[in-house]
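> If you scroll down you'll find the structure; I have some questions about it.
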Amino acid sequence: MTEHRASVAPPLTGMRVLDVSTLFAGPLAATFLGDFGADVIKVEHPRKPDAARGHGPAKNGVNLWWKTLGRNKRTVTIDLGSPEGAELLLALAAEADVLIENFRPGTLERWGLGPDALRAANPRLVIARVTAFGQVGPYSGRPGFGSLAEAMSGFAALTGEPDRPPTLPPFGLADGIAALATAYAVMVALRGVEQSGSGQVIDMAIIEPILMLLGGQITAYDQLGLVQPRTGNRSVNNAPRNVYRTADGEWVAVSTSSQSIAERVMTLVGRADLIAEPWFANGHTRAEHADELDAAVAGWIGARSTTEVVDRFEEAQAAIARVSDVRGVLADPQYAAIGTVQTVDDDDLGPIKMQNVLFRLSETPGGIRWTGRGHGADSAAVLAEVGVTPEQLAALRERGVV
């Protein structure tokens, strides 16, 4: 398990979060909060568990992604669409600080669990509503996933080689960005509760945070009519910037976002003469000469082993990194030094490795207290906290409510 300071509680200790979302953006936001001490209660349907439990590879029938996504959460099953289930959620909400959901707009309201009902039960509750398109607008009722956000936002149009189709990422990029944004929004809203005593509703559309990270394209189009094209691994803002193959067949990535780094790279590869060219003076004009710069860098790197290339770049204080798959990540001494990967004891699989918490706090660190638990593993304990007796629990189970 992750080491904790014996006398210091994680900073979100005492916060209670109801995670009634599914798949990735909402649940991952709840994971980020749980990693720093929040008591996260994962609510799933008794007969239809979170679909994330079935995504990706499994070992001995045990889903592996869920071990990370479900970590630091207590799991309970409730049929929210039933009147008794709705009452149970309202009872839990009365004792919670945050509720995260990602049903299509109108679903919670149909069950009698809309923001008005939830905030009547708890006026201080922060409700994060995470959907593909937001709570209003012509697309709000459509089904949607992160892939659609990656397409709509302009990300896919920018990604890939110029003469090839737009490219979607092979993982939940938009969902992950939305999860980070949701966790941030929750903390901002909780600060508002401290100031006003009143909770509020967060409307998080997955199509928006990824758009923000694409830079100033909207302003550039508004003011100059510019549409950024696909450039593969190149950048329109600086050069050389690409991936290059070494003599032993591996790949490295080079970036020259600052002028000083660009000058160091070209000096290292034996083309210091280019530094005197007028177009070399800023990143945008260097990008217009990417063919010439790439040829020089690729030729130098291609004649040397990966180890020599990385060592020479390091000596020159130029920016470079190996292009790694997961094997490279696990072997990388920098990731090891900062503790990015942790080995955690799991009830099903024994010791397993996974990503650590997102960042390091010097005085109140987060940590992985336990891995993703089984479907409904904590139903009895969680519901007992809102007064459900063992006899009542058995009756609720008999009726399929939990």
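> For Gly376, what charge total do you get from the other residues with a beta carbon under 13 Å from its beta carbon, if Lys and Arg give +1 and Asp and Glu give -1?
Charge balance near Gly376 sits at +4.
> What accessible surface, in Å², does a 1.4 Å probe find on Trp370, ignoring ligands, DNA and RNA and rounding to the nearest 10?
That residue has around 80 Å² of solvent-accessible surface.
> Throw me the Rg/Rh for segment 241-323, computed over C-alpha atoms with Kirkwood Rh, two decimals.
Computed over Cα atoms, the ratio is 0.94.
> I would also like to ask the following. What figure, in Å² to the nearest 10, do you get for the accessible area of Tyr221 with a 1.4 Å probe and non-protein molecules left out?
Roll a 1.4 Å probe over it and Tyr221 shows about 140 Å².
> Additional query: Hey, with R₀ at 30 Å, roughly what FRET efficiency would Ala303 and Val341 work out to, going by the Cβ-Cβ distance, to 0.05?
Computed FRET efficiency for Ala303 and Val341 comes out at 0.35.
> What does DSSP give for the chain in terms of the percent of beta bridges that are antiparallel, rounded to the nearest 5?
40 percent
> Right, another one. With labels modelled as points extended 7 Å from the Cα through the Cβ direction, what inter-label distance (nm, one decimal) is found for Glu277 paired with Ala220?
2.0 nm
> Gap in Å between the Cα centre of segment 84-109 and the Cα centre of segment 376-395?
Segment 376-395 and segment 84-109 have Cα centres separated by 17 Å.
> Now for a separate question. Spin-label point model (7 Å from Cα, Cβ direction): what's the Thr364 to Arg110 distance in nm?
4.0 nm
> When a/c reaches 1.5 or more, the comparison of a/b and b/c decides; with that in mind, is segment 17-116 rounded, prolate or oblate per its Cα gyration tensor?
Judged from the Cα gyration tensor, segment 17-116 comes out prolate (a/c at least 1.5, a/b above b/c).
> Give me the lysines in straight-line cross-link reach of Lys48: C-alpha distance below 27 Å, same-chain residues under 8 apart excluded.
Result set, ordered by chain and number: Lys59, Lys67, Lys73.
> Also: Quick one: how many Å² of Ser324 are accessible to a 1.4 Å probe, rounded to 10?
60 Å²
> Another question about this same structure. With a/c under 1.5 counting as rounded, go ahead and sort segment 30-75 into rounded, prolate or oblate using the C-alpha gyration tensor (a ≥ b ≥ c being the square roots of the eigenvalues; past the cut-off, prolate if a/b is larger than b/c, else oblate).
Oblate shape, in that a/c is at least 1.5 and b/c is the bigger or equal ratio.
> Helix 25-34 against the longest principal axis of the chain: what's the angle in degrees, Cα atoms only, rounded to the nearest 10?
Tilt relative to the chain: about 80 degrees.
> Then there's this: State the percentage of accessible surface on segment 241-323 attributable to carbon and sulfur atoms; use a 1.4 Å probe and exclude ligands, DNA and RNA.
The value for segment 241-323 is 49 percent carbon and sulfur by accessible area.
> Right, here's the next one. So what's the angle, to the nearest 10 degrees on a 0 to 90 scale, between helix 83-93 and the longest Cα principal axis of the chain?
Relative to the chain, helix 83-93 is tipped by roughly 60 degrees.
> Kindly write out, for segment 138-145 in residue order, the coupling ³J(HN,Hα) from the Karplus curve 6.51 cos²θ - 1.76 cosθ + 1.60 (θ = phi - 60°), rounded to whole Hz, with x marking Gly and Pro.
Result, rounded to whole Hz: x, 9, 4, x, 6, x, x, 9.
> Here's another thing I want to ask about it. Amide H of Glu44: which non-local residues (sequence gap of 5 or more, or other chain) have their own amide H closer than 5 Å, using H built in the peptide plane?
Val76, Thr77, Ile78
> Something else now. In the chain, what is the volume of the convex hull around the alpha carbon atoms, normalised per residue and reported in Å³?
Looking at the chain, the number lands at 187 Å³ per residue.
> Oh, and also: Keeping every protein chain in place, order Trp251, Trp66 by accessible area at 1.4 Å, biggest value first, i.e. largest first.
Largest accessible area first, the list is Trp251, Trp66.
> With a 1.4 Å probe and all protein chains left in place, how much accessible area per residue does segment 241-323 have, in Å²?
Spelled out: the 1.4 Å probe surface of segment 241-323, per residue, equals 51 Å².
> For helix 259-268, report the angle its Cα long axis makes with the longest principal axis of the Cα atoms of the chain; keep it between 0 and 90° and round to the nearest 10°.
So the inclination is approximately 50 degrees.
The values are calculated or read from the model by the stated rules, or taken from the named source; none is laboratory data. Everything numeric in this text was worked out from a predicted model, so none of it was measured. Ideal geometry is used to build each Cβ from the backbone, glycine not excepted, and the neighbour counts take in all protein chains shown. Protein only, heavy atoms only, side chains kept; ligands, DNA and RNA dropped before computing areas. Shrake-Rupley method; radii C 1.70, N 1.55, O 1.52, S 1.80 Å.
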